[in-house]
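The values are calculated or read from the model by the stated rules, or taken from the named source; none is laboratory data. The model shown is predicted, which means the values in this text are computed figures rather than measured ones. With ideal geometry, Cβ positions are generated from the backbone for all residues, glycine too; neighbour counts draw on all protein chains shown.
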Amino acid sequence: MTLVFLKLGGSLITDKTQPETIRPTVLARVAREIKAALTENPDLKVVLGHGSGSFGHVAAASYGTRQGVHSAEQWAGFAEVSDAATRLNAIVRRYLLDAGIPAMSLSPSASAECEDGTIRHIALQPIQKALAAGLLPIIYGDVAFDSVRGGTIISTEEVMTALATTLQPSWLLLAGETDGVYDAESSVIPTITRANLPHIRAALGGSRGTDVTGGMLTKVLTMLDLVDAQPGLSIRIFSGLQPGAIQNALREPHGAFGTLLSR
């Protein structure tokens, strides 16, 4: 079995500049490409994650959920953010099911335990059983209860990082709307390591639209921490907008495209 984590960025599947606006053409195509890759390679197993895009991020920003949840108004906002994230997840799941993929959502808010914004425990057995049953598990950026903050937001990358320690995927593929990570001259950086990070750090800006979990710099730092901890893992950031990009990435993740994050 080859296990790959694939994340569909919120910027890919939604228009992050317009509240609660999906990209139906992109979602339908991506679902077909995932189905094609799974059909081509029966040994391929995928854990799919997706960002909240213009759904959860907008609601979370208005309530400040990431920073903590304590008052009655904040808890009401916590529930609103959960609802927004769940609604987008249901849309993504429907597109996958319509493409013939037996996809099943596993909500991080029901299985993650956080301490001051950091995931300390997450349930692994449901995902392991789903994979063993031939299902495609879907996780997503979600709210979570937190022993210090009361409540918080956990990004898709943070959930995948927590899962990777035990599940040990060979690849983490991050599909967004950009061709990779850009340098100061707007050229794609082929490879990012700890060695060249100081030279490119200033060029790693934020995120187009609202993103309460940070922009590209936060994602890159989180991913470098993950490859440091998982020697057998490679990570690639690339664009999923081009037809065939997702299928090709699942088929040949070693190919020369996007930005590779490695040790």
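General remarks:
- Candidate set from segment 63-111 (those that are closer than 15 Å to ALA144 by Cβ and among the aromatic types (Phe, Trp, Tyr)); member that is farthest from the chain's Cα centre (by Cα): TRP75
- In segment 145-189, the residues that are of a type in the set (S, T, N, Q), within 20 Å of ALA202 (Cβ to Cβ) and over 19 Å from the mean Cα position of the chain (by Cα): SER186, SER187
- Set side by side, the residues ALA132, ALA123, ALA90, ALA84 differ, and just one is closer than 21 Å to SER54 by Cα, at pLDDT 95 or above and aliphatic (A, V, I, L, M), which is ALA90.
- Qualifying strands (runs of 3 or more DSSP E) (wholly inside segment 82-182; at least 3 residues being surrounded by 21 or more Cβ atoms within 10 Å (Cβ to Cβ) and either in contact with a strand residue (DSSP E or B) (Cβ under 7 Å, 6 or more places away or on another chain) or not hydroxyl-bearing (Ser, Thr, Tyr) (or both)): 136-140, 142-146, 150-154, 171-176
- Conditions (1) out of contact with any strand residue (DSSP E or B) (no Cβ under 6 Å at 6 or more places or on another chain); (2) buried (at least 16 other Cβ atoms within 10 Å of the Cβ); (3) farther than 20 Å from THR2 by Cα; number of the one not met by LEU226: (3)
- Qualifying positions in segment 1-28 - of a type outside the set (A, V, I, L, M) and closer than 16 Å to ARG251 by Cα: THR2, PHE5, LYS7
- Residues (touching a helix residue (DSSP H, G or I) at 6+ places or on another chain (Cβ under 8 Å) and part of a helix (DSSP H, G or I)) located in segment 63-72: TYR63, THR65, ARG66
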